[in-house]
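S.K.: First the structure, then my questions, so here it is.
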Amino acid sequence: MARTHFFALIVAGLLFFFIIEAIRRRKLQERYSLLWLLVVASMVTVAVYGKSLTLVSRLVGIYYPPAALFLLALIFVVVLLLHFSLVISRLSEQSRILAQKLALLENQLAGDSAPSPANTAAPKQTRAEQKAEESVCT
Amino acid sequence: MSKDFGRVLVIVPAYNEEANIAAVVADVRHHAPFADIVVINDGSSDGTAGRAIAAGVAVLSLPFNVGIGAAVQTGFQYAHENCYDTAIQFDGDGQHDGAAIATLLEGLENVDVVIGSRYLGAGNYTAPLARRSGMVVLSAIVSTIVGRRFTDTTSGFRALGRRAISLCAKTYPSDYPEVEVLPIMHRAGLKVIEVPVTMNPRQGGTSSITWARAIYYMVKVILAILIELLRKAPTLHGEKT
């Protein structure tokens, strides 16, 4: 096997290990890992079966297979970044909604009284915080 | 019967079910008058919340759609915070049958979780082929991994005891939760059984499960299950490992 192919296999192996470990530690959700696992599978395929790259480059109409590899990798990265832009947009929107709802809820809980030196009592624990400490229900 | 199971909470997740929610609540009330009901409004854009409030049940309205996993988990957190002994998951779209609640509760005698299965001989539930094949394969995989035979891993009709409520309130998968939670429960040492139930077919509309989606979900779920096996066994609150 050519040295580059071997190198690609090592990289693919490391990437695979990192992805699985990240999911295991709950730092990466499965749905975002599938694309990356597909990348690993593609790397392994090209490393083991070099002809596959030639086939793909002919399909795309490129004469020099390594150029096709770079093009595909670039397209993949662009698509991935676009996907992340969409995800970030959605998450920002959700954060905004949560922040606003929280502000309105706290205001509602505090009632009509405006804060003053007279009624600044220590904030009461929420029921969830109480439950976390207790181990039995009364 | 309610005496045996302490305080019972029926968790009804609902997304844009204004047409069905009143009937679902009435069905649950009729067959389980001893139970409290909480409707989890998963960011509905229609009048689901209003109809549920009008029906006189507790309603938790999520500020945006979070998906069935997180929505149902909110119900478990509510059950845990309010010290319920038993929680029943009951779909807000009318597919589940209130009459089967008794069957679920009876099964909860010595176990932690009871799943109502459509494929244990009661009735004749039909689903589109793509969906059915996926369900059969998933059931086979989960059965192999957990070491116990499951026939309906995607059923959202379940009864949970205290230990299961506590576990699910802390850890609950978000994407295909009904299936993915089974290995988690197994590793936490919970006892899970199935009982036969009938369910009503989908009311109107076509199922959105195409072959492509079925395969995507299957790959995702298998990946999630396999990686779950690599994690430490989940511990239940207050219990030694």
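Just so you know, all these numbers are worked out from the coordinates, no wet-lab data involved. Keep in mind that this is a model prediction, so the values were computed, not measured. With ideal geometry, Cβ positions are generated from the backbone for all residues, glycine too; neighbour counts draw on all protein chains shown.
S.K.: A:TYR63 to A:SER95: extension gain in nm, 0.36 nm per residue of separation minus the Cα-Cα distance? Before the final figure, lay out the partial values.
M.R.: Working: separation 32, 0.36 × 32 = 11.52 nm, distance 4.81 nm.
6.7 nm is the gain from fully extending A:TYR63 to A:SER95.
S.K.: Sticking with this structure for a sec: Of all trypsin sites (Lys or Arg not before Pro) in region A:1-43, which ones are in loop regions per DSSP and have a Cβ with at most 15 other Cβ atoms within 10 Å?
M.R.: Numbers: sites: A:ARG3, A:ARG24, A:ARG25, A:ARG26, A:LYS27, A:ARG31; in loops: A:ARG25, A:ARG26, A:LYS27.
Within region A:1-43, the qualifying trypsin sites (Lys or Arg not before Pro) (loop, at most 15 other Cβ atoms within 10 Å) are A:ARG25, A:ARG26, A:LYS27.
S.K.: How many Cβ atoms of partner chains, on average, are near each residue of A:88-101 if near means within 10 Å of its Cβ?
M.R.: That average works out to 1.
S.K.: Per 10 Å bin, what percent of the C-alpha pairs of chain B does each bin hold, from zero upward?
M.R.: Here the calculated profile for chain B is 8, 33, 40, 18, 2.
S.K.: Could you list which residues have their amide H under 5 Å from that of B:VAL10, counting only those 5 or more apart in sequence or on another chain, with H placed in the peptide plane?
M.R.: Sorted by chain and number, the residues that satisfy this are B:ASP36, B:ILE37, B:VAL38, B:ILE88.
S.K.: Could you estimate the translational diffusion coefficient of the protein assembly as shown from the Stokes-Einstein equation, with Rh from the Kirkwood formula over C-alpha pairs, at 37 °C and 0.692 mPa s, in whole µm²/s?
M.R.: Translational D for this selection: 139 µm²/s.
S.K.: Let me ask another. Between A:VAL44 and A:LYS27, what length comes free when the chain is fully extended (0.36 nm per residue of separation minus the Cα-Cα distance, one decimal in nm)?
M.R.: Contour length minus the Cα-Cα distance gives 3.7 nm.
S.K.: Based on DSSP H assignment, which helices of chain B show an axial Cα extent of at least 24 Å together with a mean Kyte-Doolittle hydropathy greater than or equal to 0.5?
M.R.: Helices passing the filter in chain B: B:129-146, B:211-230.
S.K.: If we count other beta carbons within 10 Å of each Cβ, what is the order of A:TRP36, B:TRP211, fewest first? Walk me through the intermediate numbers first.
M.R.: Details: A:TRP36 16, B:TRP211 13.
Listed from fewest to most nearby Cβ atoms, that is B:TRP211, A:TRP36.
S.K.: Rounded to the nearest 0.05, what FRET efficiency do B:PHE34 and A:LEU86 give with R0 = 56 Å and r taken as the Cβ-Cβ distance? Could you check?
M.R.: Working: r = 46 Å, r/R0 = 0.83.
With a Förster radius of 56 Å, E is 0.75.
S.K.: Longest segment of chain B with no GluC sites (Glu not before Pro) in a DSSP loop having at most 15 other Cβ atoms within 10 Å?
M.R.: B:110-238
S.K.: On to the next question. Tabulate in residue order the Karplus-calculated ³J(HN,Hα) for region B:48-56, using 6.51 cos²θ - 1.76 cosθ + 1.60 with θ = phi - 60°, rounded to whole Hz; enter x for Gly and Pro.
M.R.: Values per residue, Gly and Pro as x: 4, 4, x, 5, 5, 4, 5, 7, x Hz.
S.K.: Exposed loop trypsin sites (Lys or Arg not before Pro) only (DSSP loop, at most 10 other Cβ atoms within 10 Å): please give the longest stretch of chain B free of them, not including the sites.
M.R.: The answer is B:1-231.
S.K.: Taking the Cα-to-Cβ direction at B:CYS83 and at B:ALA26 and moving 7 Å from each Cα, how far apart do the two end points lie in nm?
M.R.: 3.5 nm
S.K.: Follow-up. Using a 7 Å offset from the Cα along the Cα-to-Cβ direction at both B:SER133 and B:ASN65, what is the distance between the two label points in nm, to one decimal?
M.R.: Modelled inter-label distance: 2.7 nm.
S.K.: Starting from the amide H of B:THR153, placed 1.01 Å from N in the peptide plane, find each other amide H under 5 Å away whose residue is 5 or more places distant or on another chain.
M.R.: Answer set, sorted by chain and number: B:SER139.
S.K.: What's the FRET efficiency of A:CYS137 with A:ALA73 using the Cβ-Cβ distance as r and R₀ = 45 Å, to the nearest 0.05?
M.R.: 0.20
S.K.: Using every alpha carbon pair in region B:77-215, what percent of pairs falls into each 5 Å bin from 0 up to the bin containing the largest distance?
M.R.: Taking all Cα pairs of region B:77-215, the binned fractions are 2, 10, 19, 23, 22, 14, 8, 2, 0 percent.
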